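Participant: Take a look at the following structure, please.
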Amino acid sequence: QSVYVRKSIEGLQFAGLLGALLAGLVVALFLRSVKTTFIVVIAIPIAVLGAFIGLFYAGQSLNAMTLGGLALAIGILVDQSIVAVENIFRHLEMGKEPEIAALDGTREVAMPVLVSTITFIVVFYPVVFLSGMASFLFTPLALAVTFASITSYLVAMTVIPALAAKIMPEGESKEGAMTRRANELYQSIVRSVLKARWAVVIGALVLGAGGVIGMGQLGTELFPRVDSGQF
């Protein structure tokens with residue numbers, strides 16, 4: 001069975017690297033700046049290395065579940081850094097010195113980003129308190145996501161502003177046409193939503209009720225059906 005295990009590990013490693021690459025391309029597409037993209041993407045390997053340290057002291061190993069957790073957390077690893085970098089750039093546009101802009105911009109988003117990080121962790125960490133087979137299988141995944149998220153937050157609050165103050169001069173980034181169109185589309189959608197706010201609230205409640213009803217119709221099983229390639 002080592003052949004199947006090795007292929008699974010290689011597949012997860014490829015998925016993690018591909019996820020990091022695609023995240024970097026999306027960041028470059030919207031931020032329209034090589035320097036800014038570098039600042040954001042550098043958070044990914046640092047956060048993953050931090051997760052390795054946490055997994056080591058938690059007595060875990062590199063396996064399909066821990067690597068799956070890291071691949072799952074790739075998205076949040078760049079989200080925190082993007083928020084910090086964008087706010088730092090906003091302060092740069094206000095005419096502040098890079099060091100002051102980095103300090104003020106990071107301080108403003110520190111609490112909101114912390115809250116978003118905690119909400120992400122809360123989804124996974126309770127798995128640690130399960131027992132039996134579920135705990136044996138999914139605790140490593142939950143720990144990997146938790147350690148990666150915590151490290152990513154620390155990087156976004158320390159390494160990212162330090163890099164931004166060093167390599168982001170005033171007025172370095174320019175809003176691209178795609179970003180401008182996205183902002184205009186977002187503003188028009190928000191205006192429409194605010195005009196029909198009660199319809200939006202009622203629609204959200206209806207969808208929530210539909211989700212609860214649909215959940216009751218789903219089958220339950222310990223493992224999903226998979227083709228293991230064996231007989």
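Participant: Give the residue, chosen from Gly54, Gly24, Gly50, that is over 14 Å from Ala156 (Cα atoms) and touching a Phe, Trp or Tyr at 6+ places or on another chain (Cβ under 7 Å).
Facilitator: None of the others qualify; the one that does is Gly54.
Participant: Six or more apart or on different chains, Cβ atoms under 7 Å: show the pairs whose first residue is in segment 8-37 and free of Cβ contacts under 8 Å to residues at least 12 places away in the same chain and whose second is in a helix (DSSP H, G or I) and surrounded by 14 or more Cβ atoms within 10 Å (Cβ to Cβ).
Facilitator: Listed pairs, sorted by first residue: Ala28/Thr37.
Participant: Starting from residues that are open to solvent by less than 90 Å² (accessible area, probe 1.4 Å) and not in a helix (DSSP H, G or I), keep the ones in segment 194-223 and report whichever is modelled with the highest pLDDT.
Facilitator: Residue satisfying both the conditions and the ranking: Ala196.
Participant: When Ile44 is evaluated against the numbered criteria (1) in a helix (DSSP H, G or I); (2) of a type outside the set (Phe, Trp, Tyr); (3) over 13 Å from the mean Cα position of the chain (by Cα), which criterion, by number, is the only one it fails?
Facilitator: (3)
Participant: Within segment 172-193, is there a residue that is assigned to a helix (DSSP H, G or I), charged (D, E, K, R) and either open to solvent by less than 90 Å² (accessible area, probe 1.4 Å) or at pLDDT 90 or above (or both)?
Facilitator: At the first step, the residues of segment 172-193 found to be assigned to a helix (DSSP H, G or I) are 177-193.
Of the ones still in play, those that are also charged (D, E, K, R) are 180-181, 184, 191.
Subset that is either open to solvent by less than 90 Å² (accessible area, probe 1.4 Å) or at pLDDT 90 or above (or both): 191.
Within segment 172-193 (the criterion being assigned to a helix (DSSP H, G or I), charged (D, E, K, R) and either open to solvent by less than 90 Å² (accessible area, probe 1.4 Å) or at pLDDT 90 or above (or both)), the answer is yes, since at least one residue qualifies.
Participant: Let me ask something else. In segment 88-113, which residues are at pLDDT 90 or above and either aromatic (Phe, Trp, Tyr) or over 14 Å from Ala162 (Cα atoms) (or both)?
Facilitator: Correct list: Glu108, Val109, Ala110, Met111, Pro112, Val113.
Participant: Wholly within segment 57-140, which helices (runs of 4 or more DSSP H) include no fewer than the required count, namely at least 1 residues that are without any contact (Cβ under 8 Å) to a residue 40 or more places away in the chain and surrounded by fewer than 17 Cβ atoms within 10 Å (Cβ to Cβ)?
Facilitator: Hits in segment 57-140: 74-93, 98-124.
Yes/no matrix, rows are residues, columns are (1) within 15 Å of Ala142 (Cα to Cα); (2) aliphatic (A, V, I, L, M):
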residue: Ser8; (1), (2): no, no
residue: Gly19; (1), (2): no, no
residue: Val27; (1), (2): no, yes
residue: Arg32; (1), (2): no, no
residue: Ile42; (1), (2): no, yes
residue: Ala64; (1), (2): yes, yes
residue: Ser81; (1), (2): no, no
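The values are calculated or read from the model by the stated rules, or taken from the named source; none is laboratory data. Quick caveat, the model's predicted, so the values are computed rather than measured. No Cβ is skipped: glycine too gets one built from the backbone with ideal geometry, and neighbour counts run over all protein chains shown. Heavy atoms of the whole protein, side chains included, go into the accessibility calculation; ligands, DNA and RNA do not. Shrake-Rupley method; radii C 1.70, N 1.55, O 1.52, S 1.80 Å.
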